[in-house]
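Student: One structure coming up, written as structure tokens, with questions to follow.
The values are calculated or read from the model by the stated rules, or taken from the named source; none is laboratory data. Computed from a prediction, not measured in an experiment: that's the story for all the values here. No Cβ is skipped: glycine too gets one built from the backbone with ideal geometry, and neighbour counts run over all protein chains shown.
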Amino acid sequence: MNAALKFLPHEHLKAWLEELAGTMRVLAPQKEGAAVVYRAFDPSREPELIRKPTESAKHILFPRSEALFAFHKKKAPFAPDSLNPDGSQAEKEEPATPAMELTPPEQPGPTVVFGMTGCDAGGVTTFDPVYGGRYQDPYYLQRREATVLIARACNEALSTCFCTWVGGDPANRRDADILATRLENGWLLEPLTERAERVLGSTLLGDAGEAEAREAEALHAKARAAIGEAPDLTGIEDALPALFDDKDFWWSESAACLACGACTYLCPTCHCFTITDEKAGLSGVRLRAWDTCMAALYTLEASGHNPRGQKAARLRNRVGHKFAYFLKNHQGRISCCGCGRCIKSCPSSVDIRRIVLNALKRAKGKEAANG
Amino acid sequence: MADDIHGALREAIRTILPDVECVLGWGSGPDPLRSAPLFMKSPEDVERFRAGELAVNNLAVFLPEYAGRKVGIVVKGCDSRSVVQLISETLVKREEVVIIGYPCRGVVDVAKIAAAIGLGNEDLEAGLVERAEVNGDTVSVTVRGETKTFPFKDVMAAKCSICRYPNAVLHDVFIGEKAEAREDSYADLEKYEAMSLEERFRFWEKEMERCIRCYACRNACPLCVCRDHCVASSREPHWLSQADSTRDKLFFQLIHATHLAGRCTGCGECARACPVGIPVGLFKRFINRAAGQLFGFQGGLDPEAVSPLQRFLVDEPTIKEKEWK
Ligand code: SF4
Ligand code: SF4
Ligand code: SF4
Ligand code: SF4
């Protein structure tokens, strides 16, 4: 049994978060209108720890829009032509080269996220190889290192949840820094990485033992059972490319799609961005903002040509990237954590599970037909 | 919804199927409360068709994609007005669409049901619903093995309790007895109008703070017809910045609302589509009422009409000019 297990009585939760807020930025899910979103912990309000957050937690590490730097262009001083007293042309001073002043943005300091779902933590570890692998993104890596992720185990699954299909688990121990399980009398906190130590020193936390661990395990097993049997997705990374030119398939799967960005912007694993300079006069800021492959502009080329002019091609990219191309680039990891937000919040009820299963079936059928 | 109407609707769909590429209707969604658009091509597809209180999506949004091909569409009253408006704007050809109407009693607001099934102060999620059933005037929903029943009117979409056109305003086939129309006095706006401008601005600032700029509100709108060429995402012209600012988000809502002035038919899809529940329909309600008061015009009633902001008249008959000009 893990000796480092901690127990936080329910009545101490807010005091503990408040204590942490003294030295770090504390974020937790909060009800806002009909949605649940991440906000700075507010001791006057209850964090929402039952409903699943409407948005994923990815913006905490990868903001919707962030300044890469601010710039200010210093104009060279004006050097007028001048004449000598005898009327001849005076020697002209070399104009100074215009200078560009760059200011790096401020980065948030130590942060802790309490109460994200396990699948959301899975989203973070699909970001890691993208921004911390072959290409090292200093902005992302700085935030990632400064942030302690506390995932809560899910006690029940929604109709749209499917984390177990893609290697996840309602009690996800693979991806977060701490796994928190809501027991009857308090939270069981299980440290999973070294980062966990930064937040577990409080005297408000007690030690937990066998009994709490058993209570948690029973809840985890119940949630797992609620999600049901996961289908076998073996071969999906070949099935999708095999259907790349299958117009009928993609047209029918995308018929209901509105080509908005709800699915990709709520998705914990979607990580595409676009860069724009927002400037006024000589100053401005270079922004990196989220982008979505469901939008036409995403692939619009300077010539005016758009290789993904139709929504079918865009949906193909979304599903293909998550269930095929990403696997090939990143050691078989599926870049979907099964949170189901893209299904739950799709205004047209487009269901990525159905597309993946249909693709497997159709590719198998084709293979059989081709002998 | 009554089984006989369902049967007759299925029959009507099957009848037109040979003449059209597909028929747009509704099928089941990811859970018992939610439906999904259904594109019917074969009689087997028609078996999966269901209309009624759960058939929330406005399928008119898809029609312009089928330009040049003939399709069928099943419409509620509000959906039919979108079709009419699209026809009046020449974005859909009348001869390319077969319209099947039925009397609409209203549709559910899934968010209202989710709030109503909450136990104690815990509001639950539609995704926990195991079973849902609409029986006449009540809705029964089963969550965690427990069934709760509420009056349908309590969980009906707001647009439906003020629906003036529950029956298709234009149709080729109409199945069933016409439903009764209701009145709309724009009473929902009073609460906002009572706020000072400053309060109103704070209200919207707070609401827009959680906007993720996904533009589901725009893309679910059947009359947001610029599609892939919206100024909101364009870099040229570069009107909106890419900053995560409430100013830009609010700016987009005002663009959407003004572009919909006199064209919006009040189908409510913009607000329904918003994943974070921002009441973006309010902007259009305000501007729609203004268009009605100024021009005496409502969109989506007459396929021959031209919306006031899409035409130019030297003298607007409904606007009293100054005595001298
Ligand atoms: S799948 Fe749904 S959420 Fe995603 S772009 Fe299409 S309509 Fe929008
Ligand atoms: S693809 Fe859908 S289910 Fe998978 S992680 Fe993204 S939002 Fe969640
Ligand atoms: S607005 Fe009218 S026609 Fe539309 S769903 Fe509601 S009751 Fe039906
Ligand atoms: S649908 Fe909602 S979140 Fe998305 S852009 Fe519109 S207002 Fe913002």
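Student: May I ask you to list the residues in the stretch A:248-266 that are away from ligand 4 (no atom under 14 Å from the Cβ) and in contact (Cβ under 8 Å) with a residue 12 or more places away in the chain?
Tutor: Residues satisfying the conditions are A:Phe249, A:Trp250, A:Trp251, A:Glu253, A:Ser254, A:Ala256, A:Cys257.
Student: Could you list, in sequence order, the residues of the stretch A:309-349 that are part of a loop (DSSP other than H, G, I, E, B) and within 16 Å of ligand 4 (Cβ to nearest atom)?
Tutor: Within the stretch A:309-349, A:Ser345, A:Cys346, A:Pro347, A:Ser348, A:Ser349 meet the criteria.
Student: Also: Please go through the stretch B:250-276 and pick out each residue that is within 10 Å of chain A (Cβ to nearest Cβ) and within 8 Å of ligand 4 (Cβ to nearest atom).
Tutor: Correct list: B:Cys270, B:Ala273, B:Cys274, B:Pro275, B:Val276.
Student: Being within 14 Å of chain B (Cβ to nearest Cβ), surrounded by 10 or more Cβ atoms within 10 Å (Cβ to Cβ) and within 12 Å of A:Lys58 (Cβ to Cβ) narrows it down to one residue among A:Cys154, A:Cys119; which is it?
Tutor: After applying the criteria, what remains is A:Cys119.
Student: Got at least one residue in the stretch B:12-26 being modelled with pLDDT under 95 and buried (at least 18 other Cβ atoms within 10 Å of the Cβ)?
Tutor: Checking the stretch B:12-26: not a single residue is modelled with pLDDT under 95 and buried (at least 18 other Cβ atoms within 10 Å of the Cβ).
Student: Additional query: Just a yes or no: is a residue in the stretch B:96-108 touching a residue at least 12 places away in the same chain (Cβ under 8 Å) and within 16 Å of ligand 4 (Cβ to nearest atom)?
Tutor: No: zero hits.
Student: Another one. Can you list the helices (runs of 4 or more DSSP H) lying wholly within the stretch B:193-287 that have 1 or more residues being surrounded by fewer than 16 Cβ atoms within 10 Å (Cβ to Cβ) and either free of Cβ contacts under 8 Å to residues at least 40 places away in the same chain or more than 16 Å from ligand 3 (Cβ to nearest atom) (or both)?
Tutor: Those helices (runs of 4 or more DSSP H) span B:197-208, B:246-259.
Student: Is it the case, given these coordinates, that A:Ala312 is in contact (Cβ under 8 Å) with a residue 12 or more places away in the chain, within 16 Å of A:Trp250 (Cβ to Cβ) and within 13 Å of chain B (Cβ to nearest Cβ)?
Tutor: Against the criterion (in contact (Cβ under 8 Å) with a residue 12 or more places away in the chain, within 16 Å of A:Trp250 (Cβ to Cβ) and within 13 Å of chain B (Cβ to nearest Cβ)), A:Ala312 qualifies.
Student: Filter the stretch B:126-148 down to the residues that are under 12 Å from B:Ala114 (Cβ atoms) and within 12 Å of another protein chain (Cβ to nearest Cβ) and list them by number.
Tutor: Residues satisfying the conditions are B:Ala126, B:Gly127, B:Leu128, B:Val129, B:Ala132, B:Val143.
Student: What residue, of B:Arg247, B:Arg263, is farther than 30 Å from A:Arg341 by Cα, basic (Lys, Arg) and more than 16 Å from ligand 2 (Cβ to nearest atom)?
Tutor: Answer to the selection: B:Arg263.
Student: Report yes if A:Trp290 is closer than 16 Å to A:Val356 by Cα, of a type in the set (Phe, Trp, Tyr) and buried (at least 19 other Cβ atoms within 10 Å of the Cβ), otherwise no.
Tutor: Criteria not met by A:Trp290.
Student: Would you say B:Ala51 is under 22 Å from the mean Cα position of the chain (by Cα) and either crowded, with 20+ Cβ neighbours inside 10 Å or assigned by TED's automatic domain parsing to the domain that holds B:Ala261 (or both)?
Tutor: Spelling it out, B:Ala51 is indeed under 22 Å from the mean Cα position of the chain (by Cα) and either crowded, with 20+ Cβ neighbours inside 10 Å or assigned by TED's automatic domain parsing to the domain that holds B:Ala261 (or both).
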